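Notes to accompany the following structure.
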């Protein structure tokens, strides 16, 4: 029942991009940040429905592990899209009718919204809760499987600061964004109490760094 | 005649630490930032005079290459120690009578100080110059060998912003300092025009990332 985080960050530490507009809801930077991850076989199959395509190297190893053993997810309001679409009562997230989570997802927000259920096992529940309270709800829903804290950066930082994360994997893209929300602010000494390992995908240049305890 | 940079940075991007005091002139953070580098065979021999000791892995590969082919060095006033010792006319740097450079070193400062010469080939020259002007002087002194921009972080950033650096190697220590001077500020898009490669020292966990053109 580990609590896991996987984030794509730039070399200068930006995990959440801020160049989004309603017309380009992920922004240009997000595409560059996640390009290597999106290119993997797992993501091509699971998110885009492209069977038998995608990369199969170190990046894919992490992408395949991403969904494995996860029983519930927690995400911030921004990741679900409420910062842009909170006024729309029919907003159901970015992911169409096949959200890739296939488990209960707890969205941290003070807005009251009814839960949403999808046929593939994904459900979204909107909760106003502290990191610890949200985690308790998610762990109960996860039926002894792991809980992922999905993002964005400031939500992950709250969980890290509360000492709740057992495994933090960052995929560092070899690019400098110079803008966005930093993952690493105020986390001095985080490495204490974790073992840190890393490896590189030679093709994409992505550095995969894992803190585990 | 390449222009080269090698820096030790933390995972959160701090290349220059700011916890120095006159009593502890490098600070605690500096020791942690450079521990893997100081532990290498090359550094143990060249800086500390300990023959046949030190690590021999990936970290050592970069440490050995550090001094190779360098004909001159450029550094900021802070790296030479003028921020703490600028009032002392007898200050000769941190490195005793055997500074590890063994070549002409140009220290960027508006203070006028006489040059200093050491028996091992190291000399320090104090120049008030733009990055481009300082580089011209250093390249002339380097006799067609490479020039290193040694640091600190803000001096390196000035040279990067001026497009003067041909090879940037950062050794990323898997620690979060949360304070200091960031290398990566204002460098959005730096990767354009460079090839970026990386590899990890499995023992120390240091990620070596190289931008080259």
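Taken together, the values in this text are just the output of simple stated rules run on the coordinates, not laboratory data. Everything numeric here is computed off the predicted structure, so don't read it as measured data. All Cβ positions, even for glycine, are placed from backbone atoms using ideal geometry, and neighbour counts span all protein chains on display.
If both residues of a DSSP beta bridge must be in chain A, then about 40% of such bridges are antiparallel. Counting from the shortest, the label point at residue B:136, 7 Å from Cα toward Cβ, is 7.0 nm from the same position in each remaining copy. In the protein assembly as shown, the DSSP beta bridges split such that about 40 percent are antiparallel, to the nearest 5. Distances from residue B:31 to itself in the other copies, using label points 7 Å out along the Cα-Cβ axis, amount to 4.9 nm in increasing order. In angstrom, the C-alpha Rg and Dmax of region B:1-90 are 14.7, 42.
When residue A:202 is represented by a point 7 angstrom out along its Cα-to-C-beta vector, the spacings to that point in the other copies are 1.5 nm, nearest first. Between B:32, B:46, B:188, the residue with the greatest mean-square fluctuation in the GNM of chain B (Cα pairs under 10 Å linked by springs) is B:188. Taking the square roots of 5 times each eigenvalue of the Cα gyration tensor of the protein assembly as shown, largest first, gives ellipsoid semi-axes of 46, 21, 20 Å.
When the Cα atoms of region A:3-212 are aligned to their principal axes, the ranges along those axes come out at 45, 40, 34 Å in descending order. Could you run the Debye sum over the Cα atoms of region A:1-44, one equal point scatterer each and no solvent, and tell me log10 of I(q)/I(0) at q = 0.18 Å⁻¹, two decimals? So the normalised log intensities are -0.64.
The DSSP beta bridges internal to region A:23-138 are antiparallel in roughly 15% of cases. Considering only Cα atoms, the convex hull volume of region B:130-190 works out to 102 Å³ per residue.
For chain A, set up a Gaussian network in which alpha carbons nearer than 10 Å are linked by springs, and say which option among A:153, A:128, A:72 fluctuates the most. In the Gaussian network model the winner is A:128.
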